[in-house]
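Data block below; observations after.
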Amino acid sequence: MGGRPRWDWAQLHASFSEALRCTRRRVEAPGGVEALVLRVILDNKASLSAAGKRSWEFILSNLRDPVLDELDISQLRAALLEWYGAQGRSLPWRIRPEERGDRAAPDPYAVWLSEIMLQQTTIPHATPYWRAFLERWPTVHDLARAPREDVLAAWAGLGYYARARNLHKCAGVVSNELDGVFPADLEALKALPGIGDYTANAIRAVAFDQAASVVDGNVERVISRMFALETPLPKAKPQIKALAGALADPARPGDYAQALMDLGATVCTPKSPDCARCPWRRACAAQAAGVQTRYPLKDKKKPKPVRRGVCFHVMRAGGLWLRRRPETGLLGAMMELPGTDWTEAGPGDGDVAAAQPFQGLWRDAGEVRHVFTHFELRLTVLSTEADLGWTPGDGAFFEITELDAAGLPSVMMKAARLGIRAKARLL
Ligand code: SF4
């Protein structure tokens with residue numbers, strides 16, 4: 001059996017509409033809404049297997065119009081876009097509706113830069129970096145030609161340094177292979193280094209005003225509350241994506257995507273949503289039930305494992321010894337204070353002795369803590385003075401007054417400063 005699955009459309013439509021009604025009105029469906037939808041899937045499992053396991057998203061995308069008929073979608077779109085026109089955020093890489101006359105279109109290079117920086121960073125933290133990058137490298141050709149060390153040093157403090165390496169690689173590809181023109185096509189964007197599904201969609205929406213599914217944490221929160229979704233994240237992602245897509249305005253997809261993100265960032269905030277200011281308050285199921293902050297439901301996070309290590313803070317004549325990390329792996333190609341491996345067991349005395357650059361009088365300067373995506377690091381800093389005659393095998397001494405320009409990642413900057421403070425206390 002091939003081709004389209006033999007769904008019982010009438011039953012699917014009826015059951016799924018019922019499921020959505022229950023969700024929105026907080027009516028208890030027998031066994032819960034998920035059970036209801038599951039029952040529909042099981043009732044149709046012959047078709048399901050013949051079709052090769054269709055997903056929730058498939059069902060939603062096929063049924064979203066009848067499901068959402070209950071809401072006045074055009075009214076929701078109009079209310080959201082009107083709110084965006086009056087109260088949406090002004091961001092430097094964005095062209096707001098009222099600016100369209102003066103500035104024809106956003107610069108895809110500037111938008112791409114902002115989206116890469118914002119992948120793991122807040123807007124207030126990323127914005128000065130974004131401005132500095134554009135001032136120093138105004139075009140993608142300038143960035144592609146820049147030495148990678150300069151790009152990594154300018155990125156220092158933004159974290160997740162693989163992004164900086166990919167940023168430079170991507171600039172090279174766009175400059176050398178695409179004549180400096182960023183593509184608007186989803187797959188072509190995703191083929192570029194460092195651009196995943198979310199970033200590609202965000203670039204398409206913001207830079208090219210294309211219909212694109214841009215679902216960040218803000219959008220997840222708004223949609224979960226609007227529909228009082230009982231499925232926890234991350235399992236609810238496809239459902240949220242489909243619902244956000246169904247509500248999107250085909251005439252202004254870029255503004256819609258940005259408006260929805262702004263609504264989550266400024267009104268539908270995690271702890272105290274300001275529903276009185278919300279353009280969607282009349283349609284919002286969580287608001288109607290007075291349980292806004294219950295959503296989005298989330299699977300419990302496992303605590304992060306703790307890894308321990310030791311690093312060596314070696315100073316001489318006002319300089320601090322730094323070297324470059326290996327190309328690949330965590331903090332790849334960034335500057336560092338040399339040290340042991342970072343492990344959950346922590347380094348033993350033998351590991352510390354083997355990693356020390358020379359035998360000396362090492363003082364314990366204290367410990368720095370830093371949270372990475374998958375673990376928390378506790379790094380003990382051992383400090384000493386090097387003899388004038390000692391020559392480091394690799395790296396060099398950097399003036400401590402110029403450490404900001406050395407391109408140290410945050411964790412290493414913390415360790416450098418801790419060692420400098422400890423030394424100052426001894427003087
Ligand atoms: S009404 Fe309140 S909870 Fe619902 S989407 Fe708006 S701000 Fe969020």
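Report the FRET efficiency, 1/(1 + (r/R0)^6), for Glu327 and Phe372, where r is their Cβ-Cβ distance and R0 is 25 Å, rounded to 0.05.
0.85
Which of the peptides 111-118, 171-178, 251-258 is most tightly packed, and how do the rest follow, going by the mean number of other Cβ atoms within 10 Å of each residue? Write out the running numbers ahead of the final one.
Details: 111-118: 23.4, 171-178: 16.6, 251-258: 21.0.
Ranked from most to least packed, the peptides come out as 111-118, 251-258, 171-178.
Tabulate in residue order the Karplus-calculated ³J(HN,Hα) for the range 305-318, using 6.51 cos²θ - 1.76 cosθ + 1.60 with θ = phi - 60°, rounded to whole Hz; enter x for Gly and Pro.
Per-residue couplings from phi come out as x, 9, 10, 10, x, 10, 10, 10, 9, 10, 10, 7, 6, x Hz.
Quick check on my link table: of Lys235/Lys304; Lys237/Lys414; Lys241/Lys271; Lys190/Lys304, which ones sit more than 27 Å apart, alpha carbon to alpha carbon?
Exceeds cut-off: Lys237/Lys414; Lys190/Lys304.
Taking the Cα centre of the range 306-426 as origin and charging only Cβ (+1 Lys, Arg; -1 Asp, Glu), how large is the dipole, in debye to the nearest 20?
340
5 Å is the cut-off here: which amide hydrogens, built 1.01 Å from N in the peptide plane, fall below it relative to Arg307, excluding neighbours closer than 5 in sequence?
The answer is Glu376, Leu377, Arg378.
What list of ³J(HN,Hα) values in whole Hz, one per residue of the range 202-218 in order, does the Karplus curve 6.51 cos²θ - 1.76 cosθ + 1.60 (θ = phi - 60°) give from phi, with Gly and Pro shown as x?
5, 5, 4, 6, 6, 8, 10, 6, 9, 5, 8, 8, 9, 10, 9, x, 5
HN-Hα J couplings of the range 127-139 from phi, Karplus 6.51/-1.76/1.60, θ = phi - 60°, integer Hz, Gly and Pro as x?
Those phi angles translate into 4, x, 5, 4, 5, 5, 4, 5, 5, 7, 10, x, 10 Hz.
In what sequence, highest mean first, do 340-347, 386-393 appear when ranked by Cβ atoms within 10 angstrom? Don't skip to the answer; put the middle values down first.
Values: 340-347: 14.6, 386-393: 10.1.
Descending mean neighbour count gives 340-347, 386-393.
Could I have the simple spin-label model distance between Glu187 and Ala86, label points 7 Å from Cα toward Cβ, reported in nm to one decimal?
For the pair Glu187/Ala86, the computed spacing is 4.4 nm.
Since every read-out is calculated from the coordinates, none of them should be taken as a lab result. As the structure is a computational prediction, the values presented were derived from the model and not from experiment. Virtual Cβ from ideal backbone geometry, glycine too; neighbours counted across all protein chains shown.
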